[in-house]
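See below for the structure under consideration.
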Amino acid sequence: MITGHHTEHARDLAANLLGRTGDRWRHTVAVADRAAELSTTVPTTDRDLLVAAAWLHDIGYAKPTVDTGFHPLDGARHLDRLGWPRRVAALVAHHSGARFVAAVLGLDGPLDTYPREAGPVADALTYADQTVDSRGHRVSIRDRLADMLHRHGPDSPNARAHHVREPHLLAVAQRVEARAASA
């Protein structure tokens, strides 16, 4: 288990905001567990950061954090208000190809105030999120994408961004799986 200053505080914050949300909480716990497993694919100095971001990736769904209704941005803004490191907030803001959905929503400008990280940490966070379904069960990335489209519907922002987001997510999966195989 990965523990560290950020991870412990992130777990506590996530529990306070999402702990009574049923499936959302189960998803969050499973994503954090998955990120801890994938931590071997990132530099040792970034492992605490990865797992902390995994705990926090969906806090933007919690009622006290909702501002725009776009959970990656709302979660990042909440972390800013609480004084979290900018890198953690940026990872939350951009997790799972959020930029593609933000463009559909007209929120790409506000999202771009957070620097988008490319590399092992961002990839591992996205892969952890995209290989755990909405109920906290492990799934393939293709099954997760199909479930997302089904849950959100064909006219949702997620569906309208899918044609550009899916190739990005599949490329992330390939990179993470290659890193995991060589770790």
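The values are calculated or read from the model by the stated rules, or taken from the named source; none is laboratory data. Keep in mind it's a predicted model, so treat the numbers as computed, not measured. Here the Cβ positions follow ideal geometry from the backbone for every residue, glycine too, while neighbour counts run over all protein chains shown.
Residues that are under 13 Å from the mean Cα position of the chain (by Cα) and free of Cβ contacts under 8 Å to residues at least 40 places away in the same chain within the stretch 92-115 comprise V92, A93, H94, A98, R99, listed in sequence order.
If you go through the stretch 48-57 and keep only what is touching a Lys or Arg at 6+ places or on another chain (Cβ under 9 Å) and either among the β-branched types (V, I, T) or not in a helix (DSSP H, G or I) (or both), you end up with just V51. For the stretch 79-104, which positions are of a type outside the set (F, W, Y) and within 18 Å of T7 (Cβ to Cβ)? Result: L79, L82, G83, P85, R86, R87, V88, A89, A90, L91, V92, H95.
Under 26 Å from R26 (Cβ atoms), part of a helix (DSSP H, G or I) and modelled with pLDDT under 95, is that true of H150?
On the way: under 26 Å from R26 (Cβ atoms): yes; part of a helix (DSSP H, G or I): yes; modelled with pLDDT under 95: yes.
Judged against the criteria, H150 is a match.
Summed over the stretch 16-42, the residues that are part of a helix (DSSP H, G or I) and over 16 Å from the mean Cα position of the chain (by Cα) give a count of 3. Does T45 qualify as being over 14 Å from the mean Cα position of the chain (by Cα), surrounded by fewer than 22 Cβ atoms within 10 Å (Cβ to Cβ) and not in a helix (DSSP H, G or I)? Against the criterion (over 14 Å from the mean Cα position of the chain (by Cα), surrounded by fewer than 22 Cβ atoms within 10 Å (Cβ to Cβ) and not in a helix (DSSP H, G or I)), T45 does not qualify. Just one of (1) modelled with pLDDT of 95 or more; (2) closer than 19 Å to R144 by Cβ; (3) of a type outside the set (S, T, N, Q); (4) surrounded by fewer than 21 Cβ atoms within 10 Å (Cβ to Cβ) fails for G22. It is (1). Listed here are the helices (runs of 4 or more DSSP H) enclosed by the stretch 58-129 that have at least 3 residues being crowded, with 23+ Cβ neighbours inside 10 Å, of a type in the set (K, R) and touching a Ser or Thr at 6+ places or on another chain (Cβ under 9 Å), and there are none.
Every test in (1) in a loop (DSSP other than H, G, I, E, B); (2) exposed (fewer than 13 other Cβ atoms within 10 Å of the Cβ) is passed by G136 save one, and that test is (2).
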